[in-house]
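Where a number appears in this text, it was derived from the coordinates with a stated rule and is not lab data. Computed from a predicted model, the values in this text were never measured in an experiment. Don't worry about glycine lacking a Cβ; one is built from the backbone with ideal geometry, like all the others, and counts go over all protein chains shown.
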C-alpha cells in the first residue's frame, strides 16, 4: 500500500484525486472512490489514508474554498440557507447568523474600556484595538513634537 507522509507535497495522483473529490458527486467519473482507485491504480485503503492525512486535508479544504468563492455559488447557498432559517430550522438559523457575522464590520474597541482578555478577542477586534492604540500613541508623539 502506498502512503504519502503528511510532510511531503501532493503527488500528481493525489492532485488528481483531490480534483475528483472536489467535483460535484453527480458529475464524478468514475462515480465512486473505489472505482477511481481502480482506474488510477491506487488501492482504496490508500485513498482513505490520503483523505485522513493532514496535508491532504489542508489542500482539500483550500481547493474547496477556492471553488466556493464564486459569488453566484455563495448567493445560491445563502438564499437556500436563509429559506431554511426563515422556515424555522434552528441549525440553519445558527449557520446563517454565523456567516452573516463574518461580513459585519469590525467592532470599534476602545482600549480604555477593555475588560476582555486579549485571547478572547476576535482577530478583527484585536486589529482594531492595536490600531486605536497606535493612533493614540502617534497623536501623543505629535503633540510632544509640536509643543
**Fill in**
Percent relative contact order for region 12-68, counting Cα pairs under 8 Å at least six residues apart, stands at 30 percent
**Asked** What full-extension length gain, to one decimal in nm, is calculated for residue 64 and residue 32 as 0.36 nm per residue of separation minus the Cα-Cα distance?
**Response** 9.7 nm
**Asked** So for the pair residue 89, residue 51, with labels modelled 7 Å out along Cα→Cβ, what separation do we get in nm?
**Response** 2.3 nm
**Asked** Using 1/(1 + (r/R0)^6) with R0 = 35 angstrom and r between the beta carbons of residue 136 and residue 101, what's the FRET efficiency to the nearest 0.05?
**Response** 0.80
**Asked** Hey, rough spin-label estimate for residue 19 and residue 82, points 7 angstrom out along Cα→Cβ, what's it come to in nanometres?
**Response** 3.5 nm
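Would you mind putting 24-32, 45-53 in packing order, based on average other-beta-carbon counts within 10 Å, highest first?
On the way: 24-32: 9.8, 45-53: 15.9.
In decreasing order of mean packing, 24-32, 45-53 become 45-53, 24-32.
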